[in-house]
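For reference, the structure is listed below as structure tokens.
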Amino acid sequence: IYEQYGKNKNLLIKSFFDDIDFAYSASDLVVCRAGAISLSEIAYFGIPAIIIPFPWAAGDHQVKNAESFGTQNAAIVIEEKNLSPEILLKEIVNILNDMEKYENMAHAMKSLAKPQATQDIVSDFIKTFSVGS
């Protein structure tokens, strides 16, 4: 895909971004692995995604992470064993050419965001352990 489309000014293909906030804010669609941090970031930004879980992750956790986003219609999940450039390109085109699907995925993705997670964890900790009493 990079060889064919990598020079397109509307497409940015990189294995790593130094300024991830900028990358997400400029993105219409993300193709990524299914690490918890990556998924929480794209949920925060409400960006539809194509998720390709890392098949050798400990305890198969990336497949489980990806499935939770896929079942909520926030992402398309493609297992690596089923991945090809043609399949990936087809899914990208399907999402970007169907505005209703795109908007539904974006809404579903945003609904999975937990921007107050840190505060919730601290609050639960304080309640559980009666910190400060």
Can you confirm whether SER111 is surrounded by 14 or more Cβ atoms within 10 Å (Cβ to Cβ), at pLDDT 95 or above, among the hydroxyl-bearing types (Ser, Thr, Tyr) and within 14 Å of the chain's Cα centre (by Cα)? no
Matching residues, segment 21-31, being within 25 Å of LEU83 (Cα to Cα), touching a residue at least 12 places away in the same chain (Cβ under 8 Å) and not charged (D, E, K, R): TYR24, SER27, LEU29, VAL30, VAL31
Which members of segment 84-102 meet the condition of being in a loop (DSSP other than H, G, I, E, B) and under 17 Å from ILE47 (Cβ atoms)? ASP98
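Only one of ILE50, ILE42, ILE37 is in contact (Cβ under 8 Å) with a residue 40 or more places away in the chain and closer than 16 Å to LYS114 by Cβ; which?
Every option except ILE42 fails the conditions.
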Which of the residues that make up segment 1-55 are under 14 Å from the mean Cα position of the chain (by Cα) and among the polar types (S, T, N, Q)? SER25, SER27, SER38, SER40
For segment 84-95, indicate whether the set of residues that are surrounded by 15 or more Cβ atoms within 10 Å (Cβ to Cβ) and of a type in the set (Val, Ile, Thr) is non-empty. yes
Right, PRO115: in a loop (DSSP other than H, G, I, E, B), within 18 Å of GLY35 (Cα to Cα) and out of contact with any strand residue (DSSP E or B) (no Cβ under 8 Å at 6 or more places or on another chain) or not? yes
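The values are calculated or read from the model by the stated rules, or taken from the named source; none is laboratory data. Owing to the predicted nature of the structure, the values given are computational and were not obtained by experimental measurement. Cβ coordinates were reconstructed from backbone atoms using ideal geometry, including for glycine residues, and neighbour counts include every protein chain displayed.
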